[in-house]
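Asker: There's a structure below that I have some questions on.
The values are calculated or read from the model by the stated rules, or taken from the named source; none is laboratory data. Every value quoted in this text rests on a predicted model; they were computed, and no experiment measured them. Cβ placement follows ideal geometry from the backbone for every residue including glycine, while neighbour counts extend to all protein chains displayed. For accessibility, only protein heavy atoms count, side chains too; no ligands or nucleic acids. Shrake-Rupley method; radii C 1.70, N 1.55, O 1.52, S 1.80 Å.
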Amino acid sequence: MSQALSRKWRPPRFDDVVGQEHVTHTLRQAVIGERVSHAYLFCGPRGTGKTTSARLLAKAVNCLHDDLSERPCNQCHICLAVNEGRFLDLIEIDAASNTGVDDIRDLRDKINFAPSEGRFKVYIIDEVHMLSMAAFNALLKTLEEPPPHAMFVLATTEEHKVPVTIKSRCQQFNFRLLTVEEIEQRLQWLTAQETIQIEPEALRLVAHQGAGSIRDAESLLDQLVTAPGDTITLERAQRVLGTAPTTVVRDLTTAWLNGDGPTGLMIIHESLASGTDARQLCRQMVAYLRQLLLLQAGGADLPLPLPAEQKKALWDQGQQADRRALIEAIKQFNDAAMTPASNWQPQLPLELAFISLLPQHQAGWQTGAVPAAAPVAAPVAAPVAAPVAAPVAAPVVAPTKSVSSPPSAAPTPTIAKSSLEKVSPTPAEPKRVVEASSDVAVSREEKRDDKEEVAEASPVEAFEPGLALELGQVTAHWSQMLNWVGQQDRNLPALLTMSKPLAIEGTTLVLGFDFPIFREKFDQQTTHAHLIQQALEQLIGVKCQIKAVVSSQYVPNVSRQDLENLADELGGVVHED
C-alpha cells in the first residue's frame, strides 16, 4: 500500500514548514534558548501545519544533537524514532474520540511516570475543543502545573470553543491559511521529488482547490496521480476534481450581468452534464465574483494573482456590475455552496442562486438583453347610456408605446377606468357631464361641436393636479407602473413585488412591505420613490409622495372628522381620552 503524499513528505525540520514562519521561528528560538514552555495551544484552519509543528517541537526538545540550533537533527535515534512513529514518549490523543472526563483522569494518572527514552514526555491533544467541560476542568490543574518532564501541545480548528481558563495556561500560536503561490511552490517541489508529470495550469488548479490548506492540496494531487510517467493535464484535473473551466465561470457571470436567464441556465446545465460538481461551481463563482468586487473597488492597478488577459476581462465586467448587486451575488452563491444538496437534485441550490439574482419582469425573457416592458393596454370604455339624438363619440385611444423618458417628455395616451366613470353621465343627469379637469359642469349640447377635440384629448389633460389621490386608481394601474419603472431600473420591479399599495394619507401613497429588510432596501435608494412618483403621474395624472412602511407595523392615520363621520353612521359619539 502506497503512503499518502502528505504523510510521506511531512516536513522534517522547522525550516521546511511552509507559510508559518511566525510560529516556527519562535519555537526554534525557544529550543535554542532552552526556554520551552510546558503548554502550547496551536489554533488555525485544517491542513496548515499544527500537528506537524507539534511533532517537530516534540522531536526538538528530545533531540540529542549537541548544537541546539541544529535540533531536530533527524539523525539521532530519538529523531529517527519520532519520524518512524515509534517514540514512546510522544503521546497523541484524539480529543474527538476521547471526550470524557475519565479519559483525562487516566491521562492525569499516567503523566507522573518518567519518560522511557527521551527527556520529555510530550502530549499532543488534537481537536481539543471536542473535550467536554468536565474533561477541561479535570485537565486544568495538570495543565497549569505538570511534572517537570511533561509538556502539552493542544491543537484546535475552533479556538472559540476552548475555555478561557485553558487558554490562559498556554502559549497560543495562530496558524494562517496559505496563499496560492506558497501552495504552488510546495507542490512543484513535491512533484519533482516524486517525478510526477503535470501541466502548470493543472498544478495551479490544484493549488487553488486547496483553499489555503496545503494538506488538502497534497491530497488532491495524490488523487490525480495514476501510472508512472503519465502526464496530468488540465482537462483531466478538471474532470477528476469536478471543477468547471474558467470560461464557464466568466460566461455565467456575463449572462447574469446581462439578465440573460436562458443562456445562464444553459451554461449551468451543460457544465453539470460534462461532470462539473454543482457545489464546486458555486465556490468558483464566489471566488470569481470576489476578484471582480476587489478589482472594482481597488481599481485596475490592484495586484491580483491573475494573467493579464483574465484581469482585463474581470475589469471590463466590473464596469457593468452594480456594487450592491455584486455583493448580493457573492452572498447568494456562497449560501448555495454551503447548502447541503439533495441526492436527487444536487444542482438546485446553484439554479436557485442564479435565478434569484435575475431581474423579475412580467414580460417574457429576451435572450441577450434586459426584457422590455410590456405595452400598457388601454382599458375599454363601458358603453355610455345617452339619448339617441345626441350620441357621444367614444374616446379614441392611440396605441401605447414603451415609455423610455420622464413623464414630462411624452404623456402616455391611456385613460383610467376610474376617470371614465367620472365622465359618464348618471341617469339623473342625462344632459350633463362632469369634466375631470375642472369643477364646472358643461352641458352636452355645448360640447356637441367639440366631439373630435374630446376624442383626441390626452389622458394627462383629463387629470389635473387638483384631483384627489385614490387607492383604487393606484391598485388598478399597479402592474402598468411596474412595467414603466422596470425600464428605468430593472431591479426595482423585483423589490416592489414584495409590497402593495396599503393606504392613502392625503397626497401620500403608503407602500406596505412584507418584511423590514425589503422596506430598508427600498429606502436606501431615493430614486425608487421618485420613479414611482413619475410613473403614477404619467398613468393617472396625480402628483403624490411615497411613504414606505412595514405592513404589519402600519397604523392608519385617521382624522377626527373621519371618526366623527363613522360615529354618526353607527349612532355613536367620539370621546376625548
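Asker: Quote the Stokes-Einstein diffusion coefficient, in whole µm² s⁻¹, for segment 166-218, based on the Kirkwood radius over alpha carbon pairs, a temperature of 37 °C and a viscosity of 0.692 mPa s. Provide the component values of the computation, followed by the final result.
Answerer: On the way: Rh = 12.3 Å.
Translational D for this selection: 267 µm²/s.
Asker: Continuing with the same structure: Using alpha carbons only, how many angstrom separate the centre of segment 234-250 from the centre of segment 309-359?
Answerer: Result: 17 Å between the Cα centres.
Asker: Using each residue's phi in segment 160-171, evaluate 6.51 cos²θ - 1.76 cosθ + 1.60 at θ = phi - 60° and report the 3J(HN,Hα) Karplus result to the nearest Hz, with x for Gly and Pro.
Answerer: 5, 8, 8, x, 4, 5, 6, 4, 5, 9, 10, 8
Asker: Continuing with the same structure: Met338: net charge of surrounding residues, Cβ under 12 Å, Lys/Arg +1, Asp/Glu -1, itself excluded? Please report the intermediate quantities before stating the final value.
Answerer: Working: positive: Arg279, Arg283, Lys331; negative: Asp335.
Its environment carries a net charge of +2.
Asker: Could I ask something else about it? What full-extension length gain, to one decimal in nm, is calculated for Ala96 and Thr526 as 0.36 nm per residue of separation minus the Cα-Cα distance?
Answerer: Fully extending the segment from Ala96 to Thr526 adds 149.4 nm.
Asker: Once you put a point 7 Å from the Cα of Lys543 and another 7 Å from the Cα of Val555, both along the Cβ direction, what distance in nm separates them?
Answerer: Calculated label separation equals 3.2 nm.
Asker: Using the crude model of +1 on Lys and Arg Cβ and -1 on Asp and Glu Cβ, and no other charge, please compute the dipole size for segment 153-265 relative to its Cα centre, in debye to 20.
Answerer: On the way: 10 positive and 15 negative charges, 112 e Å.
It works out to roughly 540 debye.
Asker: Taking just the alpha carbons, could you work out the radius of gyration and Dmax for segment 240-279, both in angstroms?
Answerer: Using the Cα atoms of segment 240-279, the pair Rg, Dmax is 10.0, 32 Å.
Asker: Amide H neighbours of Ala548 under 5 Å, counting only residues 5+ apart in sequence or on other chains, H built in-plane at 1.01 Å?
Answerer: Amide H neighbours of Ala548: Leu511.
Asker: Which percent of the accessible area of segment 141-287 is formed by carbon and sulfur heavy atoms (probe 1.4 angstrom)? Don't skip to the end; give the middle numbers.
Answerer: Details: 3450 of 6710 Å².
For segment 141-287, the apolar C and S fraction of the accessible surface comes to 51 percent.
Asker: Quote to one decimal, in nm, the extra length available between Gln185 and Asp335 on full extension: 0.36 nm per residue of separation minus the C-alpha distance between them. Before the final figure, lay out each step's value.
Answerer: Values: separation 150, 0.36 × 150 = 54.00 nm, distance 3.15 nm.
Answer, rounded to one decimal: 50.9 nm.
Asker: From the backbone phi of segment 58-74, what are the Karplus-calculated ³J(HN,Hα) couplings (6.51 cos²θ - 1.76 cosθ + 1.60, θ = phi - 60°) in whole Hz, Gly and Pro given as x?
Answerer: So the Karplus estimates, Gly and Pro as x, are 4, 6, 5, 6, 10, 5, 9, 5, 5, 7, 5, 6, 9, 7, x, 8, 6 Hz.
Asker: Jot down the radius of gyration and Dmax of segment 165-276, Cα atoms only, both in angstrom.
Answerer: According to the Cα coordinates of segment 165-276, Rg and Dmax are 18.5, 60 Å.
Asker: Return the long-range amide H neighbours of Glu92 (sequence gap of 5 or more, or a different chain), with a cut-off of under 5 Å between placed amide H atoms.
Answerer: Result for Glu92 returns Ile124.
Asker: A follow-up question, please. Residue by residue, what Karplus-based ³J(HN,Hα) values in Hz, rounded to whole numbers, does segment 136-142 have, using 6.51, -1.76 and 1.60 with θ = phi - 60° and x for Gly and Pro?
Answerer: Per-residue couplings from phi come out as 4, 5, 5, 7, 4, 5, 5 Hz.
Asker: In nm, what is the difference between 0.36 nm times the number of residues separating Ile327 and Met266 and their Cα-Cα distance? Write out the running numbers ahead of the final one.
Answerer: On the way: separation 61, 0.36 × 61 = 21.96 nm, distance 2.38 nm.
Length difference between fully extended and current span is 19.6 nm.
Asker: Amide H of Ala39: which non-local residues (sequence gap of 5 or more, or other chain) have their own amide H closer than 5 Å, using H built in the peptide plane?
Answerer: Residues meeting the amide H criterion: Phe152, Gln171.
Asker: Additional query: In nm, to one decimal, how far is the Gln172 label point from the Glu84 one, both placed 7 Å along Cα→Cβ?
Answerer: Taking the simple label geometry, Gln172 and Glu84 are separated by 4.0 nm.
Asker: Next question. Provide the solvent-accessible area of Arg55, counting protein heavy atoms only and rolling a 1.4 Å probe, rounded to the nearest 10 Å².
Answerer: Near enough 70 Å² of accessible area.
Asker: Separation between the Asp106 and Thr26 pseudo-spin-labels, each 7 Å from Cα along Cα→Cβ, expressed in nm?
Answerer: 3.3 nm
Asker: To continue, here is another question. If the convex hull of the alpha-carbon atoms of segment 261-315 is projected onto planes in all directions, what is the mean projected area in square nanometres? Display every interim value, and only then the final one.
Answerer: On the way: hull surface 18.3 nm².
Here the figure is 4.6 nm², rounded to one decimal.
Asker: Determine the alpha carbon to alpha carbon distance for each of Lys161/Lys521; Lys521/Lys543; Lys312/Lys521; Lys50/Lys311; Lys331/Lys543 and list only those over 27 Å. Don't skip to the end; give the middle numbers.
Answerer: Working: Lys161/Lys521 36 Å; Lys521/Lys543 24 Å; Lys312/Lys521 32 Å; Lys50/Lys311 35 Å; Lys331/Lys543 38 Å.
Correct reply: Lys161/Lys521; Lys312/Lys521; Lys50/Lys311; Lys331/Lys543.
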